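What follows is a set of notes on a single structure, which appears directly below.
The values are calculated or read from the model by the stated rules, or taken from the named source; none is laboratory data. What you see is a predicted model, and the numbers here were worked out from it, not measured in a lab. Ideal geometry is used to build each Cβ from the backbone, glycine not excepted, and the neighbour counts take in all protein chains shown. Ligands, DNA and RNA are stripped out before the accessible areas are found, and what is left, the full protein with its side chains, is counted by its heavy atoms. Shrake-Rupley method; radii C 1.70, N 1.55, O 1.52, S 1.80 Å.
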Amino acid sequence: MLSPISAAAGRLLISEPFMPDPNFKRSVILLTEYSEAGAMGFILNHQTEYLLGDILPDAAYSEIPVYMGGPVAENTLHYIHRCPDKIEGGIEIWDGIYWGGDFEQIKELINNYQLTEGEIKFFTGYSGWTPGQLDDELRDDAWIVANKFEADSVFSNNESNLWKEIVISLGQRYAHIANFPENPMLN
């Protein structure tokens with residue numbers, strides 16, 4: 001097994017370098033749920049062409065980017081944040097990283113310019129796995145699991161380098177794959 005760390009809510013999934021599914025190509029996913037019932041998370045590094053104002057036309061601070069959380073229920077809006085003092089009702093999924101919370105509060109904070117891109121991240125859709133599916137993919141070495149990362153990397157807008165940075169941060173065992181070409185046929 002490539003990944004010695006088991007999956008759990010609050011951990012990152014890093015796609016293997018030659019992931020054939022274009023939805024997950026060089027993806028970093030924050031798992032928000034993991035149980036016998038399945039798993040759920042959000043792709044942190046696939047920004048859509050949409051800004052928050054495209055989805056919420058009445059948002060005053062409309063320039064916040066929106067990310068593709070995954071290929072499931074792409075017509076839904078989700079968010080993670082790191083400001084529980086401003087947003088009530090969020091669930092802490094990792095040290096200082098919260099999922100969900102009072103959406104009316106969020107809209108008010110956005111309209112008053114009291115939330116920044118570094119505090120909240122929006123997603124259309126999510127990544128989901130049925131019971132046992134993610135475990136099968138882990139056994140097939142489709143993902144590496146990381147349990148040590150900085151919250152800043154989760155809220156980073158440097159999506160083009162996030163996969164590589166996270167892989168390198170895992171240490172020598174994985175660092176070499178960060179430089180693999182996206183298409184080995186072009187090597």
Q: Taking residue 51 as meeting all but one of (1) in contact with a Pro (Cβ under 7 Å, 6 or more places away or on another chain); (2) more than 16 Å from residue 138 (Cα to Cα); (3) at pLDDT below 95, write down the number of the exception.
A: (3)
**Q.** Residue ID - farthest from residue 24 (Cα to Cα), chosen from residues in region 76-98 that are open to solvent by 40 Å² or more (accessible area, probe 1.4 Å) and modelled with pLDDT under 95
**A.** 95
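Out of 72, 66, I need the residue that is among the β-branched types (Val, Ile, Thr), under 21 Å from residue 159 (Cα atoms) and surrounded by fewer than 15 Cβ atoms within 10 Å (Cβ to Cβ). Which one?
72
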Q) Counting just the residues of region 90-107 that are in contact with a helix residue (DSSP H, G or I) (Cβ under 8 Å, 6 or more places away or on another chain) and either among the small types (Gly, Ala, Ser) or not in a loop (DSSP other than H, G, I, E, B) (or both), which one comes out nearest to residue 155 (Cα to Cα)? A) 97
(Q) Given (1) small (Gly, Ala, Ser); (2) in a helix (DSSP H, G or I); (3) closer than 20 Å to residue 35 by Cβ, identify the lone condition not met by residue 153. (A) (3)
Q) On the given criteria, is residue 107 more than 30 Å from residue 131 (Cα to Cα) and among the basic types (Lys, Arg)? A) yes
Q) When region 120-147 is examined, which residues are found to be at pLDDT 95 or above, open to solvent by 40 Å² or more (accessible area, probe 1.4 Å) and either among the β-branched types (Val, Ile, Thr) or in a loop (DSSP other than H, G, I, E, B) (or both)? A) 130, 131
Q: Say whether the condition of being without any contact (Cβ under 8 Å) to a residue 60 or more places away in the chain and more than 23 Å from residue 8 (Cα to Cα) is met by at least one residue in region 93-101.
A: no
Q: Answer yes or no: is there a residue in region 165-176 that is modelled with pLDDT under 95, within 16 Å of the chain's Cα centre (by Cα), surrounded by 19 or more Cβ atoms within 10 Å (Cβ to Cβ) and within 26 Å of residue 71 (Cα to Cα).
A: yes
